[in-house]
1. Need the full-extension length gain, Gln345 to Val651, defined as separation in residues times 0.36 nm minus the C-alpha distance. One decimal, nm.
2. Evaluate the charge dipole of segment 559-672 about its Cα centre and quote only its size in Debye, nearest 20, assuming +1 on the Cβ of each Lys and Arg and -1 on the Cβ of each Asp and Glu.
3. Give the Debye-formula value of log10 I(q)/I(0) at each listed q (0.11, 0.18, 0.23 Å⁻¹), with one equal scatterer per alpha carbon of segment 601-721, two decimals each.
4. Under the 0.36 nm per residue contour assumption, what length would be gained going from the current alpha-carbon distance of Asp693 and Arg325 to full extension?
5. For segment 468-599, build the convex hull from the C-alpha positions and give me its volume per residue in Å³.
6. For the residues Arg46, Arg369, what sequence is obtained by ranking on other C-beta atoms within 10 Å, fewest first?
7. Order of Ile578, Ile338, Ile490 from fewest to most other C-beta atoms within 10 Å?
8. What number comes out for the charge environment of Asp352, summing +1 per Lys or Arg and -1 per Asp or Glu over other residues with Cβ under 12 Å away?
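Rule-based calculations on the coordinates, nothing more; no lab input. Since we're looking at a predicted model, the values are computed, not measured. Reconstructed Cβ throughout: ideal geometry from the backbone, glycine too, with neighbour counts over all protein chains shown.
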Amino acid sequence: MTEPQAGRGATGEQGGRHTRRALIIANDTYDHASLSQLRAPEADARALAEVLGDPEIGGFDVSIVHNAASYEVQAHVDDLFADSRPEDLLLLHFSGHGLKNDAGELFIAARNTRPDRLGSTALAADFVQRCMRSSRAHSIVLFLDCCYGGAFGQGVTVRAAGPVNVMDSFPAGRLGGGRGRAVISASSAMEYAFEGTTLAADHQVPPSIFTSAVVEGLRTGDADRDEDGLVSLNELYDYVFDRVRETNPNQTPGRDVEMSGELYLARSRRRRVRPVPIPDAIASALREPDPTYRRGAVSELRDRLAHPDLGVALGALEALQEVARSDTKAVADDASAILQSAAPQVSPPAIDFGELAPGVVDAIHRELRVTGVPLAGDVHVDAEPPLSAVVEGTLVTVTLTPNGLAYAGSITLSSPTGSVVVPVRASLARGAEPDDETTTERAGPPPVLAERPPAARAVAEHVTPTSELGPRRRLRVAAGLAAIAAGVLILASMTLPWRYGQTYAESDRWLVPSMAILGLLVLTAGAVMFAPRVRTEVSLGLLLGVSGTAAASMLTFFGILAEQSSDAAGTGTWFALIGLLVAASCGPAAVAVAAWRQAVPVSRVDWRDPGSLAALGLGAFTAAVFISYAVHLGSLSNAGYEAGVAYVWAVLTVIAAIGAVMVRPAAVGRVLLAAWGLGTLSYSLSEWVYLTDHSPESLGMPFLVAAGLALAAAALLIGRRSPSDAPAPTA
């Protein structure tokens, strides 16, 4: 059984705060031979936890219970409902087998379930009902992705030993009078709920059809049918119903809702801007017979069109459009000129991906910056494969997935103030030979998935990441192995003799925080290299930030070694030295190799991005604290070397902050600066421990600790500015 925390969130609402908690129960392995093993529940749990735990989408505090015994599942369900308050929103999701006894009572199968002993080895639906009725929480949602027996088609796994009417087991009248309760099931009484079609052994298992639709609707925001920035429970059910029926007409999701008012499960980036009516004074001026008054009103509308409140700007836009259509020529021309000037401006005006070798399979990224009035920055992008685009505020990242052919086409950026067509081209290098060891990276689903209906392919594409093969894959493997080895050596050195037969804790305890944090950072960076869902650029950015921290920490390490005799060095010394050298070199080496194949994209600092401004400001503050500490060390007769090390940390902090806000994609800068902030934390904690043992003053180390944490937190905000902030979901 595992219980990872996928995310934490408490979402504010008028009149107070409420906690959003989700418990995901996934069972795919069963001890009893009569219960078939499943493949999708683990993927169900992972995908759903990711989207629910995302603070920008669900904001739930998520717990996962995987392959647990029935008594463990029962305890977790009891805790979820018992430890609740009236204002809480609770969500329980089950993925696995559903069974019923001779009396028709529903039981949820656990790892130790015996079909002939359901009462003592399975989770009774009646128990869940009692927990829901006794809970203090006013808002409860139950998702049941359990199946109802039989098989359908080759390679399809069905999740039940016989027909089970889930909805009959959770009737609305028994869920608590006057409280908000909803039960959503994957299928109706006499239908099957499927895991998916046949998958090759080397493909990652996707979630089930039902959970895939839930995840996709929340992740993309497509479930937000009215585009108000929030996904309600009813909207999500309607979306899931349509997607499941489109994928498999033989499966019909069911619902039983007893809800007073609307229940919102998530935020959505599809929020529609609603116009604010123009003031009465301007509206009256537009009705005046004298064109002078109307032209003055048009001038006022021009100012409102540039308003940072997009609703105010949209109201002015609609008024100007009406004037341009219906007023006299002089007044209409004024309005038309304002409308033309408000159209979005894109830099650069065209995208050239350059020459591509026939064997290149790695996705290539270019960025566009949208400028103009704030309303012009509310853009949507239309792009067809092999192109795709992601909008982050006014930054548009365009990705080309090479398919061995030249490309000439365009993408369209649309905003309320107008549209811009951006030409895109990529040529094929002549005479270039493809890499014999490179296999083409799939831009879409694998061949077996391509035979699905369009909706099923979309679901599979979300949960089945494309493989990175060829040179880039080999680079990730080599860099990842090197970083993992370095992290293991650094952490192992803490338990071995450091000098004079003593460990760090026994000889120089102030080194323990530095080596522990640094070792964990290096180990994490190496592990991320093997994470298929993390883009190569992002994993390299993390590794580079960690390597910079290791290089700066190595300066302190060398200074200590210079003060002791070679006889004093123990095994831990050499483990740490080798680990630091490998950690400091593998990041720059990997980035250099990647940059040799593809230039690192950089752009100007976005001075309107609060995240970039916070990163630069905190970087400058952190560097100032380093310099202050270096000045103090320089005043000491025996601390000149340590002062130089502190100056190096200050300079590298400034470089890291500037580089993080200029490198693209923005996610690369985020992880780079976050790694550096945690590295700063390792240095400052160790120095603080040292000063605690040798000095009556902390000399600003608490400020440096706080600065490191703040720098890591601010790094995560780089490039996340959006034209408008969606309101928090409320229940």
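1. Full extension of this stretch gives 106.5 nm more.
2. Details: 5 positive and 5 negative charges, 122 e Å.
The calculated dipole for segment 559-672 is roughly 580 debye.
3. Taken in order of the listed q values, log10 I(q)/I(0) reads -0.37, -0.83, -1.18.
4. Values: separation 368, 0.36 × 368 = 132.48 nm, distance 7.80 nm.
Extending this stretch completely gives an extra 124.7 nm.
5. 93
6. Ascending Cβ contact count within 10 Å gives the list Arg369, Arg46.
7. Numbers: Ile578 15, Ile338 22, Ile490 30.
Ranked by crowding around the Cβ, least crowded first: Ile578, Ile338, Ile490.
8. +1
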